[in-house]
Amino acid sequence: MRFRKLLPLLLPFLLFTACKQDYSILQDSVPDPLENINSPLRFSDADYEELRQELDIEQDINFPLAEIPSHLASRSRTTELTATQQRRAMLGRVLFYDRRVSVTGETSCATCHAQEFAFSDNKAFSDGIRGAHTARNSFPLGSVPSFLTAPTNSSLPAVGYYSPPPPDVPEPKFGRFFWDGRAKDIVEQSRETMSNPIEMGSNLEELADKLNQERIYQILGRKAFRDEELSPGDIILAIGDFMTTMSSTDTRYDDLQDLKTNRVPMSRILEDFTLSEVRGGEIYRTSCASCHHSSMAEPTVKMANNGLDRVYTDKGSGAVTGDVLRNGFFKTPFLRNLPLTAPYMHDGRFATLREVVDHYSEGIQDHPNLSPILRNDDGSVRNLHLSEYDKQALVDFLELTKDRTIQTAEHLSDPFIR
C-alpha cells in the first residue's frame, strides 16, 4: 500500500502540521516518527546490483553522526538518526551529487559545496549553469555542529539544523538560510536554490518527474519512502537529512573546550595546546563569542552589520525586507572548519583568516547600522586594536576548528562512478 495514503491517520504525529510556514510541498512526505532506531538498513541483493551500475556505495546503509563533545552534551538528545532518516540520507547523498538535478546537467549541490572545503567553495563566487556565477560566496554547509535537538513531543524524531522545525518552535522573525536570511527554513531554501536561474534552474515538480524515470531513484525512493515515485517534498527531506550528517564536532577546538569544561589544570591543557592557541581562545571568548557563541554552536546573533563598508552595494537583509535599518545585515556564520572555508564573508573579500582578524582589529567601518556590539559605550567604533602577537594567537585558535573527518568521511563523499 502506498504509505502516503495513511496521511490522515498520521496527522497527530507529523512534524510539520502546526508550523506557520508553508509546508504544503511536504504533504506527501510522511516520516515514520516511531520507527525503531536500530532497524536493519540494507539494500536487497537485486537492488544493490542495479544501483552498482551507477553508484559506488556499500550495500549496508550507515550514516553516523559524530560523537558529541562533553561541552555540547546538554544540547543533544541523541547522536543517531532513525532508520527512516538514514534511508532518506542515502537518497539525499545521491541527489546532492547528481548533476541531473540542474536543468542543464552542469551543476549539483556539490558544485558550490565541495567536501574538500567542508562543503563550501574555494572561490568567492561559485560556478553556475550556462557560464554564470553566483552573486555571493558559498555558505559552508559543513560548519554546522549537526547535533540533534529534541522537540517537546518526545515521540517525534530529534531534528537537526537542516530539518524543518517542529511545531513548538515559533516562526523566526528573520530567516536562517542564505546570507540575507530570505529563507526561513530548509523548504524555502531548497526550492529557491534549485529554481535559481544561475545555480540550477530547475522546477521541483518537473525535477521529480524527471528523476522518477531513473531506475536508481525508483530504488532509492522505495527504500526511503516506501514508494518508487519521488515527490518534491521527498527531495527536500532527503537532502536535508543528508546535510544533517555533515557533523563537525571532532575538532581540536572541541578537545580544548572539553578540557576547560572538565576544569583540568592549565598545565594539563598546555600538554596539548600552545600558549598562543590558549591565548587566542581567551580573545575569542571576550571579543568574538558575543556574536558567534562561546561554544561555537548556533551563533548568538543571527544577523548583523559587521562594518565591512560605509556604503553597501549589496544591502543584504535590507534589500529583502525593504528596511533601510537592515542595510548591510548578513547572516552570522558558524565558525567551524575555518581553515577549509576561505575566502570569507558574504562576498569572499578576505582570502585569509589573518585578513579577517585585521578587519576586526583596525578595519571596522562606521556604518549607521553597525551592530551595537561593535561600538564602545560612547558610540565610537570598537576596533579591537590587537597586538601582532594577539592577532596570530587568534588565528592559531581559529585554526583549531578544522574537523578531523569532514574531508574524508565516506558517507559524505560523491557516490557516483565518474
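Which value, in debye to the nearest 20, gives the size of the charge dipole of region 252-401 about its Cα centre, when Lys and Arg are +1 and Asp and Glu are -1 at the Cβ?
In debye, rounded to 20, region 252-401 gives about 360.
Run the paramagnetic zone check for Arg130: 7 angstrom along Cα to Cβ, then residues of region 188-229 with backbone nitrogen under 13 Å.
Once the point is set 7 Å along Cα→Cβ of Arg130, 196-202 turn out to lie under 13 Å by backbone N, inside region 188-229.
Per-residue counts of other Cβ atoms within 10 Å, averaged by peptide: what ranking do you get for 188-194, 404-410, highest first?
In decreasing order of mean packing, 188-194, 404-410 become 188-194, 404-410.
Which order, highest average first, do 225-233, 262-270, 100-108 follow once you tally other Cβ atoms within 10 Å for each residue and take the mean per peptide?
In decreasing order of mean packing, 225-233, 262-270, 100-108 become 225-233, 100-108, 262-270.
Compare the peptides 116-124, 203-211 by average per-residue count of other Cβ atoms within 10 angstrom and give them in order, highest first.
116-124, 203-211
Using 31 Å as the Cα-Cα cut-off, could you pick out the over-long pairs in Lys123/Lys260; Lys123/Lys391; Lys223/Lys402; Lys123/Lys315; Lys123/Lys223?
Where the Cα-Cα span goes over 31 Å, the pairs concerned are Lys123/Lys260; Lys223/Lys402; Lys123/Lys223.
Among Leu386, Asn369, Ser413, which residue has its Cα furthest toward the positive end of the charge dipole of region 367-413, with +1 on Lys/Arg Cβ and -1 on Asp/Glu Cβ?
Toward the positive end, the furthest listed residue is Asn369.
Below 8 Å between Cα atoms, with a sequence gap of 6+, how large is the relative contact order for region 252-401 in percent?
Computed over region 252-401, the figure is 30 percent.
Using the 2.2 N^0.38 Å rule of thumb for compact globular proteins, work out how region 294-418 stacks up: its C-alpha Rg over that value, please.
Ratio of Cα Rg to 2.2 N^0.38 Å: 1.23.
Going by amide H atoms built from the backbone, whose H comes under 5 Å of the H on Gly316, apart from near neighbours?
Residues meeting the amide H criterion: Gly328.
Could you tell me which of Ala319, Gly307, Tyr344 has its Cα farthest along the dipole of region 252-401 towards the positive end, charges placed at Cβ (Lys, Arg +1; Asp, Glu -1), taken about the Cα centre?
Comparing the listed Cα positions along the dipole, Ala319 ranks first.
Where a number appears in this text, it was derived from the coordinates with a stated rule and is not lab data. Remember, it's a predicted structure, so these values are computed and weren't measured experimentally. Backbone-built Cβ (ideal geometry, glycine too); neighbour counts: all protein chains shown.
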